[in-house]
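Report on the following structure.
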Amino acid sequence: MTSHRFFLGALAALALTAAPAFADEPGPGGSKPPVAKTGEEVYRTYCQACHMADAKGAVGAGAFPALASNPRLGTTGYAAYIVANGKGGMPWFKDALSKAQAQALLTYLRTHFGNDYKEPVTAADVEAFGQTPTSRF
Amino acid sequence: MDSGRRTPTRRQLLNAIGLMGGTAAVYQMMTTFGHAAETRFPGPPKLEGARKGSTVIVLGAGLAGMLAAYELEKAGYKVQILEYQNRPGGRNWSIYGGDKITEMGGATQNVGFAKGNYLNPGPWRIPHHHKTLLHYCKAFGVALEPFIQFNHNTYVHNVDAFGGQPQRFRSLAADFEGNIAELLGKAIDQKALDAKLTPEDTDRLKEALRGWGMLDKDMRYVKGMASSSHRGFELPPGGGVNGAPKPSDLLPFDQVLRSGIAANMSFFMNDEFQTTMFQPVGGMGKIGEGFARQVGRLVTYNAKVTKLFQDKSGVSVTYTDTVKGVATTAKADYCVCTIPLTVLSQIESNLSEKKQAAIAAVPYSNSVKIGLEMRRRFWEEDQDIFGGHSFTSQEIGLISYPNNNFFQDGPAVLLGAFAGGPGGYRLGGMTPEQRIEVALAQGSVFHPQQYRKEFMNGASVAWNRVPWVMGCCARWNEDTRREHYQELVALEDRIVLAGEHASYVGCWMEGSLLSALDAITRLHKRALEA
């Protein structure tokens, strides 16, 4: 067996491994969207469900903050930290997103929706991403 | 019958064990006899003797809040409930024709289901061992019926197997088990298990494998009557001249493995997904209505809590009437707060720093459910599927067939998506119209001839856009459990939190009820000691 085939096999095994359920969930194998590559695709896939398509957030019993025209995106490290670790009801994405996806997303957010931060997002900024999924309990 | 030997009665035996080993041993023995099943529900609490005039304010009229109110009122407290929505039940919810759903962000859906049809956007199935919930359903007159959890005749679809063609669950499961049995039989013949098993055990295992895997006399899994009796026939047994059945072809084992069927089989072994499961007659929301029949008169609706403060003299809760825009401050001696942590973490309070850190430490999952109303029950009429789920690796996760009104003419609602994780986020980020289109496109793999043709209308709920919860369920992990769970559930002076987020049965109604009972038991004890 070549190492390449082994790698693919290991991936498939990971994807289809049965996990103990600690919630009412759909079951195995499902709910896989197309893999997001560009920053915009990552935003559409993961972020706009809460922060909305125009990145202006929304208000209900509580609020989802606007990312549009948000000065906090001026600091790469802060935005990367929040996306990686979550905040309040927002889950962590350090295991859902690869380093490349996180870099693309942060670059996209910092240069769209009324944000204009030219300083590039570096590999060091997204070091925390691409983690093995954390087990739930 | 008198055998001449004196057999002790069960009671004598239990007494003897009790003398020797105490109540734990008695309980152990009773469990063995089947007289005391394992449960965390000891029966409804017997709270009584509240101090005259003591008051409690309950925040949230979901199941946890309403159960807390019900039992505290019985104990003698004067209880008031504040609820953000204009309805009781919280995430216990059913959507019917004529309902209007407005999401955060403003998208609105007018639900067009026919009379009697519904979508359960949140909870939809009840394990038979969720005894707290079952107890109160019975007590409050909520009729339950079977939820068809496991149906061998549904489909499993994986984009990476069989060229994207779905296969029947029973065929995949039978072929998986048959092949595993044959392989293990070969391993035995090659002495691979001799170090682990005695020759006698090996013989027993071989016979077990032959029967379990439907192997032939040579321990092979082959096309024939034996394998078809599990996986389904090409031509099933009939009557008269042409009654003889024809066996079916086996599926290629490499594709069976790629389908991921083992994970589906394992899914049904999770203790919360094992049969028997139940659903309320007429929609899951009937449970919330049942609870509201008991305590609905205590609820102030459209009340958005903005402040939660306590001091030595009591608790004060400031809320805004979302219809009239008027702010009010309510006072009580104690507070049971069931507000989801997504929202509670944004409410001003003077809870301790540690408590606030715990409240802010628990993110929420997302999920999306989509109901599709079809003109007729083609899954029953054309594919012999009566309830249960067809699974897919696509983002919709599964489609699930209605578990009631079998064989009826007229429209029926099937669950067109139960999407979690990344798929749930992507569907949740779409407009309601886009979600329906994705559900139709992806669900069509199971029923390509009928799915779009019979579709009438649909409705969806993306839980992180639901204004009063902003997520689906609390999502703990081992680190947050260790660092924050005890702090979250701890009674802090006059305030205690309850809800599924304050339990180890997260995302289940049972968890919210067990949490509520535990919270009010501690609160009552504190109140009596004060």
Of the criteria (1) part of a helix (DSSP H, G or I); (2) of a type outside the set (Lys, Arg); (3) away from chain A (no Cβ under 14 Å); (4) in contact with a Phe, Trp or Tyr (Cβ under 9 Å, 6 or more places away or on another chain), which one B:Thr342 fails: (3)
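Could you tell me whether B:Arg475 is within 10 Å of another protein chain (Cβ to nearest Cβ) and either crowded, with 24+ Cβ neighbours inside 10 Å or farther than 30 Å from A:Lys94 by Cβ (or both)?
On the way: within 10 Å of another protein chain (Cβ to nearest Cβ): yes; either crowded, with 24+ Cβ neighbours inside 10 Å or farther than 30 Å from A:Lys94 by Cβ (or both): yes.
Yes; evaluated as a whole, the condition is true for this residue.
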Yes/no for A:Ala102 being more than 9 Å from every other protein chain (Cβ to nearest Cβ), at pLDDT 95 or above and assigned to a loop (DSSP other than H, G, I, E, B): no
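Kindly establish whether B:Ser3 is of a type in the set (S, T, N, Q) and at pLDDT below 95. Step through it out loud before you land on a result.
Working: of a type in the set (S, T, N, Q): yes; at pLDDT below 95: yes.
So B:Ser3 fits the description; yes.
On the given criteria, is B:Asn92 in a loop (DSSP other than H, G, I, E, B), in contact with a helix residue (DSSP H, G or I) (Cβ under 9 Å, 6 or more places away or on another chain) and under 19 Å from B:Gly387 (Cα atoms)?
On the way: in a loop (DSSP other than H, G, I, E, B): yes; in contact with a helix residue (DSSP H, G or I) (Cβ under 9 Å, 6 or more places away or on another chain): yes; under 19 Å from B:Gly387 (Cα atoms): no.
No: the conditions fail for B:Asn92.
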Subset of the stretch A:53-89 (residues that are touching a helix residue (DSSP H, G or I) at 6+ places or on another chain (Cβ under 9 Å) and closer than 22 Å to B:Arg435 by Cα): A:Ala53, A:Asp54, A:Ala55, A:Gly57, A:Ala58, A:Gly60, A:Phe64
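Answer yes or no: is there a residue in the stretch B:185-207 that is under 25 Å from B:Gly443 (Cβ atoms), among the charged types (D, E, K, R) and either in a helix (DSSP H, G or I) or free of Cβ contacts under 8 Å to residues at least 12 places away in the same chain (or both). Show your work before the answer.
Applying the first criterion (under 25 Å from B:Gly443 (Cβ atoms)) to the stretch B:185-207 yields none.
Looking through the stretch B:185-207, none of the residues is under 25 Å from B:Gly443 (Cβ atoms), among the charged types (D, E, K, R) and either in a helix (DSSP H, G or I) or free of Cβ contacts under 8 Å to residues at least 12 places away in the same chain (or both).
Could you tell me how many of the residues in the stretch A:51-80 are in contact (Cβ under 8 Å) with a residue 12 or more places away in the chain and over 25 Å from A:Lys32 (Cα atoms)? Give the derivation first.
Quick first cut of the stretch A:51-80, residues in contact (Cβ under 8 Å) with a residue 12 or more places away in the chain only: A:51-52, A:54-56, A:62, A:64-70, A:73-74, A:76-77, A:79-80.
Still in the running and over 25 Å from A:Lys32 (Cα atoms): A:56, A:62, A:65-70, A:73-74, A:76-77, A:79.
Adding up the residues that qualify gives 13.
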Test: residue in the stretch B:433-441 that is more than 26 Å from the chain's Cα centre (by Cα), surrounded by fewer than 23 Cβ atoms within 10 Å (Cβ to Cβ), closer than 18 Å to A:Ala53 by Cα and within 14 Å of another protein chain (Cβ to nearest Cβ): yes
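Any residue that is assigned to a helix (DSSP H, G or I) and away from every other protein chain (no Cβ under 14 Å) - is there at least one of those in the stretch B:121-132? First the steps, then the outcome.
Step one: of the stretch B:121-132, the residues assigned to a helix (DSSP H, G or I) are B:131-132.
With away from every other protein chain (no Cβ under 14 Å) added as a condition, the list becomes B:131-132.
There is at least one residue in the stretch B:121-132 that is assigned to a helix (DSSP H, G or I) and away from every other protein chain (no Cβ under 14 Å).
Between B:Gly506, B:Gly511, which is in a helix (DSSP H, G or I) and within 14 Å of another protein chain (Cβ to nearest Cβ)? Don't jump to the end; show me each part of the working.
Values: B:Gly506 fails: in a helix (DSSP H, G or I).
Exactly one residue qualifies, and that residue is B:Gly511.
Scanning for something part of a helix (DSSP H, G or I), farther than 18 Å from B:Val362 by Cα and among the aromatic types (Phe, Trp, Tyr), does the stretch B:437-460 turn up at least one residue?
Within the stretch B:437-460 (the criterion being part of a helix (DSSP H, G or I), farther than 18 Å from B:Val362 by Cα and among the aromatic types (Phe, Trp, Tyr)), the answer is yes, since at least one residue qualifies.
The values are calculated or read from the model by the stated rules, or taken from the named source; none is laboratory data. Values in this document were obtained by computation on a predicted structure and should not be read as measured data. Here Cβ is always computed from backbone atoms with ideal geometry, including for glycine, and neighbour counts include all displayed protein chains.
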